[in-house]
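What follows is one structure encoded as structure tokens, with my remarks underneath.
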Amino acid sequence: MGINFDKALGIHPHTLNLRTERAKVLAGNLANVDTPGFKARDFDFQAAIASVEAQQRQYGQAQSQTSPALQFRNPYNNTMDGNTVELGVEQAHYAQNAMDFETSLTFLNMKFQGLATAIQGQ
């Protein structure tokens with residue numbers, strides 16, 4: 001009897017992919033902190049996960065991963081050069097995303113350990 005990894009691993013692989021995409025977006029914001037006119041971007045992680053979960057319910061598995069729709073972030077303080085990247089805000093979002101990535105990776109590792117235990121029959 002074969003193992004259906006989409007069902008066995010659940011949402012966790014998709015979560016890691018989305019966390020990676022978000023890290024790239026946030027890193028781009030940080031890299032452009034001094035670029036005049038650059039607009040900070042991000043995406044709604046919860047909405048992206050909800051979309052993946054809806055696909056899993058509808059089709060039995062998530063369809064090919066697409067990049068979530070990026071949105072511009074509204075700054076707390078305006079700058080003269082039009083740049084909306086705020087270093088502290090971006091660093092906080094990046095750090096939170098990194099911690100959430102580690103948590104998702106831990107959940108995925110637990111799933112693999114459970115599968116390995118089931119395969120070994122212990």
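The values are calculated or read from the model by the stated rules, or taken from the named source; none is laboratory data. As the structure is a prediction and not an experimental result, all values here were calculated from the model. Here the Cβ positions follow ideal geometry from the backbone for every residue, glycine too, while neighbour counts run over all protein chains shown. To get the accessible areas, we keep the full protein, side chains included, count just its heavy atoms, and leave off ligands, DNA and RNA. Shrake-Rupley method; radii C 1.70, N 1.55, O 1.52, S 1.80 Å.
I want the local charge near S104. Using Cβ-Cβ distances under 15 Å, sum +1 for each Lys or Arg and -1 for each Asp or Glu among the other residues.
Net charge in that neighbourhood comes out at -1.
Could you provide, to the nearest whole Å², the per residue accessible area of the chain with probe 1.4 Å?
Using a 1.4 Å probe on heavy atoms only, each residue of the chain averages 65 Å².
Among residues other than Y76 whose Cβ falls under 12 Å from its Cβ, what is the net charge (Lys/Arg +1, Asp/Glu -1)?
Here the count lands on -1.
Report the label-to-label distance for K111 and L70 in nanometres (one decimal), using points 7 Å from each Cα along the Cα→Cβ vector.
Calculated label separation equals 2.8 nm.
Once R0 is set to 41 Å, what does the formula 1/(1 + (r/R0)^6) return for the Cβ-Cβ distance between K7 and M80, expressed as a FRET efficiency to the nearest 0.05?
The pair K7/M80 has a calculated efficiency of 0.15.
So how far apart, in nm, are the two label points at F45 and V33 if each is 7 Å from Cα heading toward Cβ?
It is 2.0 nm.
What are the radius of gyration and Dmax of the chain, computed over its Cα atoms and given in Å?
When restricted to Cα atoms, the chain yields Rg and Dmax of 18.2, 65 Å.
Calculate what fraction, in whole %, of the accessible area of the chain sits on carbon and sulfur atoms when a 1.4 Å probe is rolled over the protein chains.
Percent of accessible area from carbon and sulfur atoms in the chain: 55.
Over the stretch 73-122, what number does the Rg to Rh ratio reach, with both radii from the alpha-carbon atoms and Rh per Kirkwood?
Using only Cα positions, Rg/Rh for the stretch 73-122 is 1.42.
For the chain, modelled as a GNM with alpha-carbon contacts under 10 angstrom, which of R57, R19, R73 fluctuates the most?
Comparing R57, R19, R73 in a Gaussian network model of the chain, the most mobile one is R57.
Assigning unit charges at the beta carbon (Lys, Arg +1; Asp, Glu -1) and nothing else, what dipole magnitude in debye, to the nearest 20, does the chain show about its Cα centre?
Dipole about the Cα centre, nearest 20: 360 debye.
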